[in-house]
Amino acid sequence: RDGMVIVNYAERARDESFTTTPSVGVSKYLKVINGVLTEVNISSQITNRAWKWVKTVMNDDAVIVPVKKDAFTITLKEDGSVSGTTDCNSFFGKYILGDNTVSFSEFGATLMYCEGSQEGIFIQSLGEAQSYFIDKDNNLVFEIKFDSGSMVFK
């Protein structure tokens, strides 16, 4: 469809044995780019859904996890706007998607102060995101500029 090959299949969940019938539906979108078959992402895979921040893994192997589990969310809307929550405030802004690229801009937020909040590192990392993909566990992953790390959302 539209120059893309769509592959649908089922696989087993991470903790399921090989004797279990695959039950997790997966769709992959492939396109020939510069003569190479390449997996691409399409916006409908990630929009209109609240994604929860799981962790950020830096290229030096440092891992940042939210202290307040499930407090950090992000929702990308089809109109190019983004909104979400942190451990302290709500935020909003704009985003642009390419085949595998993403950029965020015009962030704004409510103005509560919360001691020890991880909001700053979360918003800064989002602002530095440059690409995205859906991993084999159906997590949304934003890769941070200069190959400095990646943010994982479930």
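Annotations for the structure displayed:
- Our summary gives the chain a relative contact order of 17 percent, counting only alpha carbon pairs under 8 angstrom and 6 or more residues apart.
- Cβ-placed point charges (K, R +1; D, E -1), dipole of the chain about Cα centre in debye, nearest 20: 380 debye
- Nonlocal amide H pairs with residue 54, under 5 Å, H built at 1.01 Å: 152, 153, 154
- Estimated translational D of the range 90-154 in µm²/s (Stokes, Kirkwood radius over Cα pairs; 20 °C; 1.002 mPa s): 167 µm²/s
- From the coordinates shown, log10 I(q)/I(0) by the Debye sum over Cα atoms at q = 0.09, 0.15, 0.19 Å⁻¹ corresponds to which of (1) -0.25, -0.73, -1.26; (2) -0.33, -0.87, -1.24; (3) -0.38, -0.89, -1.21: (2)
- Separation in nanometres of the label points that stand 7 Å from Cα toward Cβ, at residue 100 and residue 39: 0.9 nm
- In this Cβ point-charge picture (+1 for Lys and Arg, -1 for Asp and Glu), the range 79-154 has a dipole of about 80 debye about its Cα centre.
- Candidate lysines for bridging to residue 52, where Cα separation is under 25 Å - those fewer than 8 sequence places away on the same chain excluded: 28, 68, 69, 77, 94, 136, 145, 154
- Dipole magnitude for the range 1-87: about 140 debye, using +1 per Lys or Arg Cβ and -1 per Asp or Glu Cβ, origin at the Cα centre.
- The chymotrypsin sites (Phe, Trp or Tyr not before Pro) of the range 78-154 that meet both conditions, a loop assignment by DSSP and at most 10 other Cβ atoms within 10 Å of the site Cβ, are 113.
Read-outs throughout are calculated quantities, based only on the coordinates presented, and are distinct from any laboratory measurement. Computed from a predicted model, the values in this text were never measured in an experiment. Don't worry about glycine lacking a Cβ; one is built from the backbone with ideal geometry, like all the others, and counts go over all protein chains shown.
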